[in-house]
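Here the structure is laid out as structure tokens; the discussion comes afterwards.
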Amino acid sequence: MLKLQRQLDGVQIPTEASSTTHSQALLTIDNRQSPRMRRTRCFRGVSLIALLLLFGPVALAHAQAKRVGHVEVELIAQTQAVVPGQPLRVGLRIKHDPHWHTYTQDPGDSGMPTELRWKLPVGFAAGSILWPKAQRIVLGGLVNNVYEGEIVLPVDIQTPAKIEGDKVTLAAEAVWLMCREECVPGSAELSLTLPAGPGPAASDARWAALFAAAVASVPQVSPIAEQPRSLGLMLLYALLGGAMLNLMPCVFPVLSIKILGFVQQAGEDRRKILQHGLAFAAGVLISFWLLTAVLLALRGGGEQLGWGFQLQRPGFVAVMALLLMAVGLNLAGVFEFGAGLMTLAGKAQVAAEGKGGLTASLLSGVLATVIATPCTAPLMGPAVGAALTLPIAQTLLIFTALGVGMAMPYVLLSAFPAWLNVLPRPGAWMVTFRQLMSFPMFAAAIWLAWVFGQQVAGIHGMMLLLIGMLLLSMAAWVLGKWGQPHRKPGVRRSATVVALLLLLLAVATPLNAARWLASDQTLAWQSYTEGELDLLRKQGRTVLVDFTADWCLTCKFNEHTVLATDTVKQAVAKHKVALLKADWTSRDETVTAALARFGRNSVPLYVVYGVRVNDPIVLPTVITPTMIADALAQASPP
């Protein structure tokens with residue numbers, strides 16, 4: 001905290017610019033002094049008050065910086081005050097430790113962009129981050145776009161015409177990923193209080209250079225973005241972009257379902273075919289409207305969003321992977337749920353007589369839209385970018401145009417069924433074709449499992465999602481084996497209960513992956529080498545060596561249920577234990593030789609070295625937290 005201190009003829013007058021108001025500046029003048037001395041002291045007092053008047057607003061605008069891991073963060077403002085009705089430029093200042101970095105909007109092959117989740121007073125609205133030019137680095141063959149050193153991520157905030165009170169507090173949760181060779185997620189609750197009043201507001205000299213450098217390096221927008229974005233042009237882009245979205249890889253799996261539907265409908269009544277096409281279009285449009293509502297709600301809360309934003313949520317990715325797996329199993333014939341091609345969310349398809357299974361067509365339109373969101377088609381970029389900044393009515397129009405464009409090919413095929421004459425008549429071959437169409441679903445589920453692994457604990461997170469898929473497959477098999485109409489009611493009910501329990505486990509397993517695996521990151525394991533072990537022992541350190549492998553189920557069980565417990569963590573911290581992991585996942589001669597010295601040729605093996613024991617303590621394969629803690633205490637200095 002900045003402190004100003006003046007000494008007047010032996011009298012100390014301490015002031016704190018960050019907390020003292022102008023009325024609190026007290027000057028003590030001894031009336032017994034000479035007139036000249038009194039004038040001198042008065043002049044100094046007036047100077048002090050002027051200094052406080054100059055720096056008082058700056059101090060009020062100063063937010064306390066927070067240290068989180070390897071970065072220092074705070075909210076800062078380009079000006080010293082808020083002027084009602086005038087745009088306010090603020091920013092997230094990030095000061096990185098040497099060799100550490102955070103990521104820009106397009107992080108590259110890995111990483112995660114920094115986010116600001118605003119909590120603003122009524123009438124205030126935050127724009128998108130103005131991303132400064134990033135530095136391109138290559139780590140392990142992966143190209144990343146990062147920020148290093150001290151930077152600011154500017155954000156423009158719209159203010160209301162009238163502000164109640166004489167100050168405004170802006171708050172936001174900042175979320176980032178800081179990396180060197182390893183990566184650590186970070187977050188902080190930040191706030192910035194500024195005085196409010198009539199303008200013009202003076203610039204804050206402390207941050208002027210930082211803001212100027214950041215804004216000057218913001219990449220120029222594309223020529224398309226520089227053109228006047230008329231609503232008509234954006235609607236045309238949205239319509240054409242939505243139509244071309246059908247050609248993107250993300251939509252191929254669901255297209256297979258719709259193609260199969262057209263095959264089944266070939267030769268049917270033209271009116272029924274058109275109804276199916278319109279039902280599919282309704283599903284697409286309803287999905288786009290719901291997506292728009294969610295986007296607008298989150299945008300109103302200050303979220304920085306983009307097309308496909310829901311794929312940034314690991315929970316959503318996991319549920320979608322399981323859904324696609326279930327659809328694939330249905331197409332493959334593992335189970336039949338309802339009377340038709342597929343049903344979603346527990347709804348049976350309407351019987352073929354009457355409405356002709358329109359529910360399935362509507363739900364396939366919903367699924368096609370959800371799966372399409374990770375992809376961007378040509379011309380979609382300008383339209384979606386404009387929609388995210390326009391008023392609500394225009395945003396809704398653009399997303400409606402996207403939906404109409406995506407549904408248009410299906411409606412045309414339904415309206416002109418003669419185009420379907422190239423397809424063969426329904427027959428026994430359709431069973432094989434239907435089963436063939438399950439493989440695009442499985443491929444999409446595998447892709448989402450990979451995405452989930454990138455978001456949650458790498459290969460371990462992906463493994464938990466694959467376990468969820470296995471449990472889902474068991475549920476589908478139980479339902480297909482014993483849940484069919486020809487089974488007795490009691491058998492069907494039992495099969496349904498078992499299938500639901502397996503389904504709940506299937507969903508819960510990946511959704512809890514982040515919490516279950518978070519404990520793995522709290523113990524600082526180093527790679528085992530003979531040299532590292534000898535060095536640590538010469539330093540008098542207690543050392544725990546974990547001989548393990550990723551293909552060893554007992555090893556993984558012990559890691560999650562024993563080594564990750566608070567008992568072990570507290571013992572490691574108390575005795576300052578060094579942790580070495582001897583990874584035998586791929587054959588390693590050093591690890592093999594170390595195992596042989598203990599008469600072993602398998603893992604797991606747990607060994608404790610310490611100054612109080614002559615020979616290392618070899619623990620059994622089945623361990624407990626207390627067993628580990630006792631061994632560490634036995635080997636460590638008192």
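Suppose the chain between PHE416 and LYS481 were pulled fully straight at 0.36 nm per residue; how much longer would it get relative to their current alpha carbon spacing?
Values: separation 65, 0.36 × 65 = 23.40 nm, distance 4.04 nm.
Going from the current span to full extension adds 19.4 nm.
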Quick tally, 1.4 Å probe accessible area for MET112, MET437, sorted with the most first, runs MET112, MET437
Sorted by chain and number, the residues with a modelled amide H under 5 Å from that of MET437, at a separation of 5 or more or across chains, are none
Taking R0 as 35 Å and r as the Cβ-Cβ distance between PHE316 and ARG270, the FRET efficiency 1/(1 + (r/R0)^6), rounded to the nearest 0.05, comes to 0.35
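Given the peptides 325-331, 274-280, arrange them by the average over their residues of other C-beta atoms within 10 Å, most packed first. Write out the running numbers ahead of the final one.
On the way: 325-331: 24.4, 274-280: 22.1.
Packing order, densest peptide first, comes out as 325-331, 274-280.
For a test of the definition: using alpha carbon positions, the gyration tensor, and the 1.5 limit on a/c, classify the stretch 510-638 as rounded, prolate or oblate.
Details: a/c = 1.68, a/b = 1.15, b/c = 1.47.
Oblate is the answer for the stretch 510-638, as a/c is 1.5 or above yet b/c matches or exceeds a/b.
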Judged on accessible area alone, 1.4 Å probe, highest first, VAL71, VAL411 line up as VAL411, VAL71
Checking rank on 547-558, 609-620, with mean other Cβ inside 10 Å and highest first, the result is 547-558, 609-620
The stretch 73-91 scanned against label point 7 Å out from ALA161 along Cα→C-beta; backbone N under 13 Å for 84-86
Ranking ARG597, ARG89 from most to least accessible area with a 1.4 Å probe gives ARG597, ARG89
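The values are calculated or read from the model by the stated rules, or taken from the named source; none is laboratory data. Worth saying up front: this structure is predicted, and the values here are computed from it rather than measured. FYI the Cβ positions are ideal-geometry reconstructions off the backbone, even for glycines, and counts take in every protein chain you see. Accessible surface areas use protein heavy atoms only, side chains included; no ligands, DNA or RNA. Shrake-Rupley method; radii C 1.70, N 1.55, O 1.52, S 1.80 Å.
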